[in-house]
Each structure stands twice: as C-alpha cells, then as structure tokens.
Amino acid sequence: MAGIEIITVGDELVEGRLVDTNAATLSERLIVEGLPVVRHTTVGDDRHEIVAGLREAAGRRRAVLVSGGLGPTSDDITAECAAEAFGVSLVRSPDALRHVQQFFASRGREMSPNNEKQADLPTGAVILPNPRGTAVGFRLSTDGCDLYFMPGVPRELVGMFEEEVLPHVRTFLTGAPRRVAQLKVFGLGESDVARKLEGLDGELPGDARLTVQYRATFPEIHVRLVLDDANDHRAEGLLEALTAEARGRLEKAVFATGGTRLETSFPGQVVAELRNSGLRLAAIDGATGGVLGRLVSQTPDSADVFLGGIVAPCPRTLGSVIGVATESVDIDGEGIGGLARQMAAAVRDRFGADLGVSLLGAPAPEARPLEGSLTIAIATGTDRALRQYTFPVEGDRFRVLAAYVALGQVRRAIRVANRG
C-alpha cells in the first residue's frame with residue numbers, strides 16, 4: 001500500500017503520438033512533497049485495460065492519480081470505467097452539468113449536446129472543480145484507497161492537482177521531503193562525470209545515505225545528489241559539503257548548481273554572465289543554421305546582451321554580407337582559421353558589440369559520419385582567439401553541440417575580460 005501510483009489514459013500516449021508529460025509533472029511535484037511515486041501506468045482508450053488498471057492500482061496503493069479520458073467524445077470513457085471497476089452506477093451530476101453549462105455561457109459559446117456526457121460521474125464521487133476547462137474531476141474512495149481523476153489537458157491537470165488533489169492527499173499521507181542538490185555540467189561525457197564522482201559518499205555518517213542520479217540531456221549532463229538523513233540538524237550542511245565536493249571534482253564543467261528545481265540552461269548561464277559583466281555579444285553563424293541565436297534568444301532578457309547575428313551556410317556568402325573578402329581564401333583548408341578571425345572581428349564591429357563570435361563548419365556527409373568539422377573564433381577589443389574541432393556526431397546534434405561549444409568560448413572570453 002505504500003507509495004502513490006499514477007495512471008495516464010489515452011491512445012495517443014501508448015501509440016507515441018503524444019509525449020506523456022502529465023505523469024512526469026505529477027511525479028516531480030509529489031517528490032518535492034516527499035510523497036514517493038512508485039509506479040506509472042499508461043493505458044489506451046480500452047475499457048478492459050482501464051478497468052483492470054484501476055482495480056489493480058486501488059488494490060495495492062493508498063492513493064492513485066488518474067489523468068485523461070474525461071472529455072466529451074466517444075473515446076473518453078474513464079468515468080464509465082471507474083464506475084464499472086468499483087461496482088457503482090454512472091449518474092448525471094447536476095452540479096457537474098451546471099459547471100459545463102456555465103463554462104460555455106461565460107465564454108459566449110453554445111454547448112454541444114455531447115458535452116453533457118462530462119457530467120456523468122460514478123455514484124459517490126466527490127467533484128473536483130475545474131475552473132480552467134469543461135471537465136470536472138472527481139475523487140472516489142474504495143477499500144482504503146483514494147483515486148483522483150483529472151483531465152488530461154496539462155494546464156487543467158496542474159491546477160486541479162495543486163488546488164484540490166494535493167491538499168486532500170496531505171490529510172492522510174505525511175511527506176518526508178528528500179534533500180536534493182543539482183549540478184548541471186557541460187564539457188564532460190556522462191561516463192567521465194560518473195567516474196569523477198565515484199566514492200562521493202565515502203565519508204558519510206553511518207545512518208546517512210547518498211544517491212547520485214545522472215541524466216544526459218544532450219549536450220548537458222544533469223547530476224542530482226539525493227540525501228536521506230534522519231538527522232535534520234546536520235543534513236543541510238552535509239548536502240552543502242557534498243555539493244561543494246562534487247563541484248570541485250567536476251571543476252569548470254559545472255555551470256549551475258541548485259536545489260530540486262534548477263531551471264538554468266547553459267545558454268541561459270552564458271547570458272547571465274554577459275549581463276553581469278556588462279558585455280554584449282554578436283554572432284556570425286556558418287555552422288549551426290541559427291541554432292546558436294535561437295538558444296540565446298530564447299533566454300529571458302537576452303535582448304540587452306545579444307545584439308544579433310548573421311546566418312548563412314556558405315562562408316563566401318557570409319563574407320559578402322559582412323564585408324570580408326573571401327575570393328583568395330582556401331575555405332576548405334588552412335585559410336578557414338584566418339577567415340573566422342576576420343569574421344568575428346567584423347561582426348563585432350558591425351553590431352557595436354564587445355564580443356564577436358564566428359562559427360564556420362558543417363556536419364560530416366553521410367558517407368563520412370565521424371568527420372564533422374567546426375572552427376570558432378572570438379574577437380574582443382584586444383584578441384582574436386581561435387579553436388578548431390572535429391565532432392563525430394550527426395547533423396542536428398552537431399549543430400546543437402557547435403552552438404554550445406561556441407557559447408563555451410564566449411564564456412571563456414568573459415572570464416578573461418573580467419580578469420582584465
């Protein structure tokens with residue numbers, strides 16, 4: 001009976017047409033509360049599977065969270081299945097029907113007759129209000145288990161969970177939040193990170209336990225340090241010490257640290273460092289097809305530090321746009337480095353930026369998939385640094401990795417500028 005189970009319903013989920021974000025969202029939120037989620041189950045819009053899944057989950061858990069299948073169409077059968085699973089009738093709820101009618105009326109829309117179906121609930125169900133959509137949720141209690149049925153629309157589900165489900169779960173389940181620290185890494189592979197963190201728990205007190213979790217989200221590596229320690233007085237300091245030790249072992253590859261919710265991305269960190277240093281960046285991109293600019297521009301408040309860029313796949317085209325002569329340059333040979341330096345300086349001057357970055361290169365052709373090449377130059381007021389790489393990755397990954405590596409060089413230039 002220990003732990004919480006999550007069931008998500010929908011053919012679109014089991015067929016892969018839609019990624020199941022609801023289970024992940026609910027799990028993450030429950031873990032923060034210290035309420036362990038022990039199983040995820042996804043079923044299609046199949047009556048037998050839904051009924052069986054509900055019965056089995058209710059038989060082994062104290063709380064079950066269900067999402068999906070509460071809509072007005074013929075394949076939305078979760079409420080019917082809940083009634084069948086627990087041997088009760090499906091009845092039309094006047095309160096639920098009133099909610100649907102008022103929802104449409106408040107928006108000046110005519111309600112279709114099939115929306116009335118959303119007011120049919122199992123006998124004994126407690127309505128969970130949904131001010132964000134037409135489908136109310138409901139709670140059923142059976143044989144020591146509470147089941148919570150929520151809409152599959154993520155915005156509606158999150159609101160209902162926070163306002164109705166979680167407060168009720170707290171009345172009978174006591175959370176024991178685990179202490180979590182996160183480190184985000186770029187510049188090391190997952191195996192290298194794991195090797196460097198071996199034995200991190202070697203000096204722990206006997207009754208404390210550390211779990212190190214790794215997640216590769218290319219090209220970043222995310223590390224979670226999860227500490228279980230019954231001694232509240234020492235736990236916070238112990239986790240801080242472990243985090244500092246991990247950061248020391250991983251050195252400059254760590255670009256962000258924090259707690260359970262660490263939203264900082266590598267591009268976001270570079271933008272923050274530009275802002276803190278009072279520096280502005282411009283880019284000329286002949287390698288990523290605009291990925292670098294997109295990653296930077298998607299970061300909030302980037303407009304004051306990223307002045308703009310020029311994107312084209314051909315160095316000669318870039319040269320003509322930026323005013324750099326390319327006719328006598330061997331762009332497929334040694335001349336590419338000098339050209340990259342000139343372009344970095346030219347784009348810096350064109351936009352009036354403090355730093356200019358140029359990227360020239362391309363992923364390898366399919367016939368030679370391990371030979372993608374990249375040249376990066378950084379121009380400051382006093383220097384034109386150059387780096388060249390070979391990346392054995394395919395097209396899309398090459399472009400993302402190239403953008404990250406270029407931003408890494410920008411980050412290095414920021415540190416040099418700060419020391420000066």
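List of remarks:
- Selection from segment 162-176 of residues that are under 20 Å from SER67 (Cα atoms) and out of contact with any strand residue (DSSP E or B) (no Cβ under 8 Å at 6 or more places or on another chain): GLU162, GLU163, LEU166, PRO167, ARG170
- Subset of segment 208-261 that is at pLDDT below 95 and of a type in the set (Lys, Arg) - its residue that is nearest to ARG412 (Cα to Cα): LYS252
- Inter-residue pairs, beta-carbon under 9 Å, first farther than 27 Å from ASN231 by Cβ and open to solvent by 40 Å² or more (accessible area, probe 1.4 Å) and in segment 172-187, second of a type in the set (Val, Ile, Thr) and outside any strand (DSSP E or B), 6+ apart: GLY187/VAL405
- Each residue in segment 327-349 was checked for being modelled with pLDDT under 85 and open to solvent by less than 10 Å² (accessible area, probe 1.4 Å), and 0 pass.
Results for (1) out of contact with any Cys (no Cβ under 8 Å at 6 or more places or on another chain); (2) without any contact (Cβ under 8 Å) to a residue 12 or more places away in the chain; (3) open to solvent by less than 60 Å² (accessible area, probe 1.4 Å), shown as yes or no for each residue.
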{"site": "PHE104", "(1), (2), (3)": "yes, no, yes"}
{"site": "GLU110", "(1), (2), (3)": "yes, yes, no"}
{"site": "GLN118", "(1), (2), (3)": "yes, no, yes"}
{"site": "GLY133", "(1), (2), (3)": "yes, no, yes"}
{"site": "PHE138", "(1), (2), (3)": "yes, no, yes"}
{"site": "TYR148", "(1), (2), (3)": "yes, no, yes"}
{"site": "ARG155", "(1), (2), (3)": "yes, no, no"}
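- Selection of segment 212-248 for residues being in a strand (DSSP E or B), open to solvent by 50 Å² or more (accessible area, probe 1.4 Å) and farther than 17 Å from SER265 by Cβ yields GLN213, TYR214.
- The residue pairs whose first member lies in segment 358-372 and is among the acidic types (Asp, Glu), whose second member is assigned to a loop (DSSP other than H, G, I, E, B) and at pLDDT below 75, and whose beta carbons are closer than 6 Å, counting only pairs six or more residues apart or on different chains, are GLU371/ALA364.
- Test: residue in segment 75-86 that is over 33 Å from the mean Cα position of the chain (by Cα) and free of Cβ contacts under 8 Å to residues at least 24 places away in the same chain: no
- Condition broken by THR264, with the remaining ones in (1) among the hydroxyl-bearing types (Ser, Thr, Tyr); (2) touching a strand residue (DSSP E or B) at 6+ places or on another chain (Cβ under 7 Å); (3) under 30 Å from ALA2 (Cβ atoms); (4) in a loop (DSSP other than H, G, I, E, B) satisfied: (3)
- Selected residue (criterion: farthest from PHE149 (Cα to Cα)) from residues of segment 95-134 that are assigned to a loop (DSSP other than H, G, I, E, B) and under 35 Å from the mean Cα position of the chain (by Cα): ARG107
- Boolean, MET160 is in contact with a helix residue (DSSP H, G or I) (Cβ under 7 Å, 6 or more places away or on another chain) and of a type in the set (A, V, I, L, M, F, W, C): no
- Against the criterion of being at pLDDT 90 or above and at negative phi, LEU204 does not qualify.
- Residue match in segment 49-59 (condition: outside any helix (DSSP H, G or I), more than 19 Å from ARG139 (Cβ to Cβ) and either open to solvent by less than 20 Å² (accessible area, probe 1.4 Å) or out of contact with any strand residue (DSSP E or B) (no Cβ under 6 Å at 6 or more places or on another chain) (or both)): no
- Qualifying residue in segment 3-17 (condition: over 21 Å from GLU162 (Cβ atoms), open to solvent by 10 Å² or more (accessible area, probe 1.4 Å), aliphatic (A, V, I, L, M) and touching a helix residue (DSSP H, G or I) at 6+ places or on another chain (Cβ under 6 Å)): no
- Within segment 280-300, the only residue that satisfies the criterion of being in contact with a helix residue (DSSP H, G or I) (Cβ under 6 Å, 6 or more places away or on another chain), closer than 22 Å to ASN418 by Cβ and surrounded by fewer than 23 Cβ atoms within 10 Å (Cβ to Cβ) is THR299.
The values are calculated or read from the model by the stated rules, or taken from the named source; none is laboratory data. In this text the structure is predicted, and so the values were computed from the model without any measurement. Cβ sites come from the backbone with ideal geometry, for glycine too, and all protein chains shown count toward neighbours. In case anyone asks, the SASA skips ligands and DNA or RNA and just uses the protein heavy atoms, side chains included. Shrake-Rupley method; radii C 1.70, N 1.55, O 1.52, S 1.80 Å.
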